[in-house]
Amino acid sequence: MVRICVAGGTGEAGREVVRQALGLGHAVAVLTRNPPPPGAREYYDGAAYFRADVTTGEGLAEALAGADVVVDCLEARTGKALRHYAAGGALLLGEAKAAGVARAVQLSIVNCDQSALAYYRSKADKERVYARSPLETRTVRATQFHSLVAGIFGAGSRVGVVPVIKGARFQPISPADVASALLEAGLGPPSGDSHEVQTVGGPAVLGMGSLASTWKRITGARGLVTELPLPGSTGRFLREGKNLAPDQRYGHATFEVWLANRQENL
């Protein structure tokens, strides 16, 4: 049995890591700023939850005590958390080394180092932190989650439009598949390399228009599917397919299957 500390274990990917790790018989500690109460969707019986903050270091030593592996699913989208995202990763890794952790794995985004978006830049900065760490580290880059695509459609449909970005394709992947990849990276045998980067993509590359049609059919939502241009660097990033990893198909759950099974996420 391995003790796994899941940083950000109440988020979309982190919850799946916790669930799968417990199912494999491992001991799980969850590091989160806001531990969920028993009975909450984010709570799993058998996991130990610790209140901790990677921006201050509060609670990290307690959460990491006895851990063999850290799986870092932390997210930061805006404000102070985004500005300190990479520094928080460095603090987490430093505390992990002090606690005797053997390996740390983080979740990142495919080609994040080729985007001008602040969120993507923060991911690339944190990748560099992991690459410099004296710990054995692994970075798992994933394509976009199914929920991101569904969320775009859902937001637009509230005003009668299902937006389709002109020229954009997606290769969405389920959090469960990403969690499997993270655990494989964390629990696999040593490779001899101090740092490795792995890319995982969803099972299919699809035009956004096709995804929109599937979303409408499965959800029964209304709204006119409307193609819209997305100017600037983000639009170019999508048109050039830099959000895709067609040669690294890993996921098994298609967008359609995920929609049919995850109505609560819509």
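Where a number appears in this text, it was derived from the coordinates with a stated rule and is not lab data. In this text the structure is predicted, and so the values were computed from the model without any measurement. Positions of Cβ are backbone-derived with ideal geometry, glycine not excepted, and every protein chain shown enters the neighbour counts.
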- Item | DSSP bridge orientation in the chain - percent antiparallel, rounded to nearest 5 | 5 percent
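Using Cα pairs closer than 8 Å and at least 6 residues apart in sequence, work out the relative contact order for the range 70-181, in percent. It would help to have the intermediate numbers written out before the result.
Values: 126 pairs, mean separation 28.2, N = 112.
The normalised contact order for the range 70-181 reaches 25 percent.
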- Item | Unit charges at the beta carbon, dipole of the chain: most positive-side option, Ala65, Val225, Gly186 | Val225
- For the chain, what is the relative contact order in percent, using Cα pairs closer than 8 Å and at least 6 residues apart in sequence? 18 percent
- When the chain is treated as a GNM, springs tying every alpha-carbon pair under 10 Å, which of Ala29, Ala98, Ala65 comes out with the largest mean-square fluctuation? Ala98
- Query: By its C-alpha gyration tensor, with a ≥ b ≥ c as the square roots of the eigenvalues, how is the range 197-266 shaped: rounded for a/c under 1.5, else prolate for a/b larger than b/c, else oblate?
  - Reply: oblate
- Apply the Karplus parameterisation 6.51 cos²θ - 1.76 cosθ + 1.60, with θ equal to phi minus 60°, to every residue of the range 102-113 and state each ³J(HN,Hα) to the nearest whole Hz, in sequence, with x for glycine and proline. 8, 8, 10, 10, 10, 8, 9, 10, 4, 6, 4, 7
- Note on the structure: For Val2, the residues 5 or more places away or on another chain with a placed amide H closer than 5 Å to its own amide H are Ala27
- Query: Considering only DSSP beta bridges with both partners in the range 119-266, what is the antiparallel share in %, to the nearest 5?
  - Reply: 15 percent
- Select one label from [x] 33, 29, 20; [y] 32, 20, 17; [z] 35, 22, 17: the one whose number is semi-axes √(5λ) of the Cα gyration tensor in Å as derived from the coordinates shown. [y]
- Message: Tell me which of Gly46, Gly201, Ser157 sits at the most positive position along the dipole axis of the chain, charges placed on C-beta atoms (Lys, Arg +1; Asp, Glu -1).
- Response: Ser157
- Note on the structure: Sorted by chain and then number, the residues having a modelled amide H within less than 5 Å of the amide H of Thr199, at least 5 places away or on another chain, are Arg141
- Sorted by chain and number, the residues with a modelled amide H under 5 Å from that of Val110, at a separation of 5 or more or across chains, are Ala142, Thr143
- How high is the relative contact order of the range 117-266, in percent, with contacts defined as C-alpha pairs under 8 Å that are six or more residues apart? 35 percent
- Estimated [θ] at 222 nm from DSSP helical runs (n ≥ 4, -39500 (n - 2.57)) normalised by residues in the chain, nearest 500: -11500 deg cm²/dmol
- Message: Can you give me the distance in nm between label points at Ala61 and Arg128, each placed 7 Å from the Cα along the Cα-to-Cβ direction?
- Response: 3.1 nm
